[in-house]
């Protein structure tokens, strides 16, 4: 394995850790709008990981859907309900 490949895998692993943290924060958040933002951050990191793994065809479809369309639909649904999750 060359130095460049090791750096690429290290950056990808670090991004995967950040996406796991964002997923955990989205699950634990009581404010639904903040949870959607954390979910969008996680999706953005996944798109970056797809790019780093040289899968541009998947990345081009994943970015508009997971980063743009999904949060927009969920935010529209949150506006029709309450913003805080009730225990």
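Things to note:
- The C-alpha radius of gyration of the range 3-79, expressed as a fraction of 2.2 N^0.38 Å, stands at 1.20.
- Folded to 0 to 90 degrees: helix 3-28 orientation relative to the chain principal axis, Cα: 10 degrees
- Cβ-to-Cβ counts within 10 Å put 81, 20 in ascending order as 81, 20, the fewest first.
- Per-residue ellipticity at 222 nm computed for the chain from its helices equals -24500 deg cm²/dmol, with DSSP H segments shorter than 4 residues left out and the rest contributing -39,500 (n - 2.57).
- Relative to the longest principal axis of the Cα atoms of the chain, helix 32-52 runs at roughly 20 degrees.
- If the convex hull is drawn through the Cα atoms of the range 45-87, its volume per residue in Å³: 73 Å³
- Relative contact order for the range 3-79, counting Cα pairs under 8 Å that sit 6 or more residues apart, in percent: 30 percent
Since every read-out is calculated from the coordinates, none of them should be taken as a lab result. Source: prediction; values computed, not measured. As a convention, Cβ positions derive from the backbone with ideal geometry for all residues, glycine included, and neighbour counts pool all protein chains shown.
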